[in-house]
1. What single numbered condition from (1) farther than 30 Å from residue 158 by Cβ; (2) open to solvent by less than 30 Å² (accessible area, probe 1.4 Å); (3) assigned to a strand (DSSP E or B) fails to hold for residue 289?
2. What is the number of the single condition among (1) without any contact (Cβ under 8 Å) to a residue 40 or more places away in the chain; (2) surrounded by fewer than 16 Cβ atoms within 10 Å (Cβ to Cβ); (3) touching a Lys or Arg at 6+ places or on another chain (Cβ under 9 Å) that residue 93 does not meet?
3. On the given criteria, is residue 198 free of Cβ contacts under 8 Å to residues at least 60 places away in the same chain, closer than 15 Å to residue 154 by Cα and open to solvent by 30 Å² or more (accessible area, probe 1.4 Å)?
4. If you check residue 66 against the conditions, is it assigned to a strand (DSSP E or B) and either touching a Lys or Arg at 6+ places or on another chain (Cβ under 7 Å) or of a type outside the set (Val, Ile, Thr) (or both)?
5. Scan the stretch 11-40 for residues that are at pLDDT below 90, within 25 Å of residue 92 (Cα to Cα) and exposed (fewer than 13 other Cβ atoms within 10 Å of the Cβ) and jot them down.
6. Can you tell me which condition residue 273 does not meet? The list is (1) of a type in the set (Phe, Trp, Tyr); (2) outside any strand (DSSP E or B); (3) under 19 Å from residue 229 (Cβ atoms), and all the others hold.
7. Can you pull out the helices (runs of 4 or more DSSP H) entirely within the stretch 100-179 that have at least 2 residues that are touching a Gly at 6+ places or on another chain (Cβ under 9 Å)?
8. Mind counting the residues in the stretch 201-226 that are small (Gly, Ala, Ser) and open to solvent by less than 10 Å² (accessible area, probe 1.4 Å)?
Amino acid sequence: MISFRIFSGEREIIDGILAVIPDADKEEIEQILYSFPDCSDGSFEVAVSAAHGCLLLRIFDLEYLFPYPVALTDEADARAAADEIRLYSIKEEIPLTFIDVPSEELSGLLSLFCHADVETEDAERDSYTVRIMTEAALLSEIPSASCGEISLSALTDSDKVPYERLSRDKKTNEYWGYDFGADNPDADGEYFLCTAYEEFARGVALTLAVRQGEKFVGEAVIYAFDMQGGAECAIRLLPEYRGRGIASCALRLLFEIGEKIGLIRLFATVNNYNEASLRLFGEKMEICEKLQDITKFIAYL
């Protein structure tokens with residue numbers, strides 16, 4: 001997985017690029033990097049990485065932008081490098097926008113993704129800005145689904161108290177894989193609710209309340225959209241509602257919503273000590289990868 005380092009003229013960054021791409025021309029790298037105006041005033045930042053014979057840039061100026069990979073060797077594979085940026089944006093939950101895409105590279109770039117919005121950037125240079133769209137980003141509103149008394153729907157203000165309790169439950173977070181409450185000890189129900197709304201607005205996650213009747217009993221999430229028709233899914237319930245078959249019903253409804261929004265597959269990653277989730281996903285999905293610590297499942301919608 002690539003990583004980006006913020007560039008501010010440090011020689012070791014250029015040397016680091018050469019370590020990844022030893023055949024690259026140092027003067028060419030320097031010329032590209034030093035072509036950016038001084039960003040020490042904090043108005044924007046430039047970060048740098050390298051892969052597949054290409055220089056990779058990440059610019060932050062109100063939003064993250066990724067110039068199309070710059071080939072530094074004859075064997076460079078810009079499309080593979082662009083795919084590395086895709087994987088990086090998924091991991092970092094960054095909406096993905098490519099700028100300075102040459103016309104001759106446009107079709108190859110678009111072949112990597114299911115949904116994209118293309119804008120002419122510079123008619124004289126024949127270059128484009130390409131905003132990659134996740135299935136969540138294409139939604140105008142949060143979808144819902146129901147089966148009997150169990151339903152999935154948008155979080156509301158009335159969910160703040162139980163949603164905060166769920167988000168702070170230590171045992172649940174051991175299985176969930178992270179603990180927002182521990183990272184943000186002063187966070188309240190408003191924080192957890194706003195985080196879910198903000199992730200939906202950025203198109204990186206779709207968080208749904210699991211309800212029994214009108215009562216909030218947990219959450220179901222579709223996240224880590226791979227921009228190629230797939231995404232991860234996860235479910236967590238308040239402790240007193242576990243073992244009642246609610247999670248199994250919620251997973252079926254997640255499949256329904258995933259298909260409704262245009263996904264073609266869903267994944268689930270489960271810690272191997274989480275026996276309840278291993279049983280849940282094992283009943284509804286197929287194992288696609290089994291490692292020492294985790295098991296990964298897949299379902300085709």
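1. (2)
2. (1)
3. Spelling it out, residue 198 is indeed free of Cβ contacts under 8 Å to residues at least 60 places away in the same chain, closer than 15 Å to residue 154 by Cα and open to solvent by 30 Å² or more (accessible area, probe 1.4 Å).
4. Answer is yes for this residue.
5. Once the filter is applied, which keeps residues that are at pLDDT below 90, within 25 Å of residue 92 (Cα to Cα) and exposed (fewer than 13 other Cβ atoms within 10 Å of the Cβ), the stretch 11-40 yields 12, 40.
6. (3)
7. In the stretch 100-179, the matching helices (runs of 4 or more DSSP H) lie at 160-168, 170-176.
8. Summing the residues that are small (Gly, Ala, Ser) and open to solvent by less than 10 Å² (accessible area, probe 1.4 Å) in the stretch 201-226 gives 5.
The values are calculated or read from the model by the stated rules, or taken from the named source; none is laboratory data. Keep in mind the model is a prediction, meaning the values are calculated, not measured. Glycine also receives a Cβ, built like all others from the backbone with ideal geometry; neighbour counts cover every protein chain displayed. Areas reflect the complete protein model, heavy atoms only, side chains present, ligands, DNA and RNA absent. Shrake-Rupley method; radii C 1.70, N 1.55, O 1.52, S 1.80 Å.
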